[in-house]
Structure formats: structure tokens, C-alpha cells
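Asks: Attaching a single structure in C-alpha cells format; questions to follow.
The values are calculated or read from the model by the stated rules, or taken from the named source; none is laboratory data. A quick note: this is a predicted structure, and the numbers were derived from the prediction, not measured. Note that each Cβ is placed from the backbone with ideal geometry, even for glycine, and that neighbours are counted across all protein chains shown.
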Amino acid sequence: MTLLPPLTALADLDTELAQAGFAVLDAPSLAKLAAVSAQSLAAWAPLWDDLPPDDFLRDGGRYRRRRHGCFVVNPDPAGTLTPVPHRAHWQPVEYNALHGGISRWFAPLPAALALAPDWAALLRALARRAAALRGGGSAQEPWFVEAHPFRIDTTDGIGRPTPEGAHRDGVDLVVVILVSRVGIKGGETRVFDARGPQGQRFTLDQPWSVLLLDDERVIHESTPIQPLDAAAGGHRDTLVLTFRRGDFQGPEAGSEPGAQAG
């Protein structure tokens, strides 16, 4: 059996995120939050069929495909979204013991996603939630956003959404949007208090439902997936967005959330 996620009413999102360190919205709530249509979100799903392989998996697996893009949500009244020239994804080993400390260059996002008006609306809406989480002053700061469309499949018989295990990402807000689950079992989400043993487990199964995480308060992971039918295979598609104050993470930047580039 799969455990249903503990859904939060949209009106209670900021309170729940501040108190519990995480919150889950259903698909209609995400569409309302971003002021976009459910049809617009669903129209992006075919883009996950064109994700190149992740060539940086240190466990030797072939089960992950992904792209990567970076943006800045500016603190002007309109929340102007500025695309950033393509850059490497980098994390310190303190946050990613498996893949930290290396510059990973992934294929860029397709223009159909990165330049879509609804994409800008989605990032602006989530940046406002990050600002609310960090206090009113954060609304006057730019938010540095990294976008990761992932496909985890069962090419190897098993696929690992988080091969690094339970972790933090070194940002302020982590957003995990489920795009689809096809022919799989597993892929359970687990969220734990970073300061103690308390935690919750559940399975995101509704396309375009979303998990929001206060990365300073909680650690998270997703369990491996397996195919329901070995011959047919299966996959799990997600869009992971991270929001960070100060700068993007990089070898020259501070690794703690809010640190300034040096």
C-alpha cells in the first residue's frame, strides 16, 4: 500500500511550511498558486521524453536522465525573471557526499519550457513563498533558482531518485513537483526533521502535485522504484526547483544558504 500525502490547503501553505518544515499541495492548488491553468502545466509533460542521460552518476547506473537551467527572480515589483547563461550544477560534499565537489554540466532546458510565460509565473510564485518563509526582508532580495527536470527509469531493474540518500541541498526552499509515474512501484517520499528522528513518509502520485521543503529544517529522500512489469519497464518524472538567497552554489561561493559569493 502507498501512503497518501498530507495535503495542505493553499491558504495554509505559508503557515504549514513555517511550522512543519514542509507542505504538500495538490495539482489544482499549484495551478492556482502560480495563476496558470492545469492544461498549461500538463502540456509540458512530453518534454520529459527528451531528457539526455545523466553521465555523472558515480554508482555506475543508467537510470537517470535530466536537464538543468538557472534563473534569477529579481526583487522588483513584477518579480522579473532573468535567465542565467548556462552553467554547471555544483554542490559541496557536505550536502551531496556522492556527487559533491564536482562541476556537473547537464544539457540546458528546452526553450519551450525556459521561455514560456507560465514558467516565469511558476518561478515567481514559488519565489514569493521562499521570501515568506525567510521573512519579509527576503522579498527585497533576488532569488537564485536552479531547475532540474528528472526522469528516473527502471533500465537497470531499479531506479534511484536520490542515490545520495537522505540529504539537504544547501538552499532555502526545495520544490519537488511530480510530473508522472508510469508502470512503477516504490518512489516513496520521506521527510525528516534535521534535528531529530521525527519524520513522515508518503507517495506523491497525482501529476503536478508538489512538495515544498524548508531546506534548513528538514532532510528528504525518495525510495528506489521498480517496474510493475519487468518487460514493459517504467519511470518517474519530476521537476525539482531550488531557491537560494545570496548566489548560486559554486566552488567560489559560500556553501551555506544565504552566503554571498566571494
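Asks: Is it true that A78 is on the phi > 0 side of the Ramachandran plot and surrounded by fewer than 20 Cβ atoms within 10 Å (Cβ to Cβ)?
Replies: No: the conditions fail for A78.
Asks: Something else now. Here's a check for you: in the range 181-199, which residue that is part of a loop (DSSP other than H, G, I, E, B), touching a residue at least 24 places away in the same chain (Cβ under 8 Å) and of a type outside the set (A, V, I, L, M, F, W, C) is surrounded by the most Cβ atoms within 10 Å (Cβ to Cβ)?
Replies: Filtering the range 181-199 for residues that are part of a loop (DSSP other than H, G, I, E, B), touching a residue at least 24 places away in the same chain (Cβ under 8 Å) and of a type outside the set (A, V, I, L, M, F, W, C), the one surrounded by the most Cβ atoms within 10 Å (Cβ to Cβ) comes out as G187.
Asks: Of the conditions (1) in contact (Cβ under 8 Å) with a residue 24 or more places away in the chain; (2) assigned to a strand (DSSP E or B), T82 satisfies every one except a single condition; which number is it?
Replies: T82 satisfies every listed condition except (1).
Asks: Right, another one. Being farther than 21 Å from L47 by Cα, surrounded by fewer than 17 Cβ atoms within 10 Å (Cβ to Cβ) and in contact with an Asp or Glu (Cβ under 9 Å, 6 or more places away or on another chain), is that true of even one residue in the range 226-246?
Replies: no
Asks: Would you point out the residue of the range 1-15, among those that are under 17 Å from F192 (Cα atoms) and of a type outside the set (A, V, I, L, M, F, W, C), that is farthest from the chain's Cα centre (by Cα)?
Replies: P6
Yes or no, residue by residue, for (1) under 28 Å from G165 (Cα atoms); (2) out of contact with any helix residue (DSSP H, G or I) (no Cβ under 6 Å at 6 or more places or on another chain); (3) β-branched (V, I, T):
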| residue | (1), (2), (3) |
| --- | --- |
| D50 | yes, yes, no |
| D59 | yes, yes, no |
| Y63 | yes, yes, no |
| R67 | yes, yes, no |
| T80 | no, yes, yes |
| V84 | no, yes, yes |
| V93 | yes, yes, yes |
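Asks: With L115, L10, L3 as the choices, which residue is surrounded by fewer than 18 Cβ atoms within 10 Å (Cβ to Cβ) and more than 24 Å from D215 (Cα to Cα)?
Replies: Within the list L115, L10, L3, the selection yields L115.
Asks: Separate question: Looking at this structure, is V24 under 26 Å from I225 (Cα atoms) and β-branched (V, I, T)?
Replies: yes
Asks: Taking D229 and the conditions (1) among the acidic types (D, E); (2) under 18 Å from the mean Cα position of the chain (by Cα); (3) at pLDDT 95 or above, which numbered condition does it fall short on, given that it satisfies the others?
Replies: Condition (2) is where D229 drops out.
Asks: While we're here: Among (1) within 18 Å of G250 (Cβ to Cβ); (2) among the hydroxyl-bearing types (S, T, Y); (3) surrounded by 17 or more Cβ atoms within 10 Å (Cβ to Cβ), where does S103 come up short?
Replies: Going through (1) within 18 Å of G250 (Cβ to Cβ); (2) among the hydroxyl-bearing types (S, T, Y); (3) surrounded by 17 or more Cβ atoms within 10 Å (Cβ to Cβ) one by one, S103 breaks only (3).
Asks: I would also like to ask the following. Of all residues in the range 100-130, count the ones that are basic (K, R) and touching a Gly at 6+ places or on another chain (Cβ under 8 Å).
Replies: Matching residues across the range 100-130 total 2.
Asks: Identify all residues within the range 167-212 that are within 24 Å of D12 (Cα to Cα) and in contact with a helix residue (DSSP H, G or I) (Cβ under 8 Å, 6 or more places away or on another chain); write none if there are none.
Replies: D172, L173, V175, I177, V179, Q206, P207, W208, S209, V210, L212
Asks: Continuing with the same structure: Name the single residue that is nearest to the chain's Cα centre (by Cα) among those in the range 16-68 being over 24 Å from E221 (Cα atoms) and part of a loop (DSSP other than H, G, I, E, B).
Replies: W44
Conditions (1) assigned to a strand (DSSP E or B); (2) over 20 Å from V93 (Cβ atoms), marked per residue:
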{"residue": "P149", "(1), (2)": "yes, yes"}
{"residue": "T155", "(1), (2)": "no, yes"}
{"residue": "G170", "(1), (2)": "no, no"}
{"residue": "V179", "(1), (2)": "yes, yes"}
{"residue": "I219", "(1), (2)": "yes, no"}
{"residue": "Q226", "(1), (2)": "yes, yes"}
{"residue": "T238", "(1), (2)": "yes, yes"}
{"residue": "F243", "(1), (2)": "yes, yes"}
{"residue": "D247", "(1), (2)": "no, no"}
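Asks: Any residue in the range 98-111 that is on the phi < 0 side of the Ramachandran plot, in a strand (DSSP E or B) and either touching a His at 6+ places or on another chain (Cβ under 6 Å) or without any contact (Cβ under 8 Å) to a residue 12 or more places away in the chain (or both)?
Replies: Checking the range 98-111: at least one residue is on the phi < 0 side of the Ramachandran plot, in a strand (DSSP E or B) and either touching a His at 6+ places or on another chain (Cβ under 6 Å) or without any contact (Cβ under 8 Å) to a residue 12 or more places away in the chain (or both).
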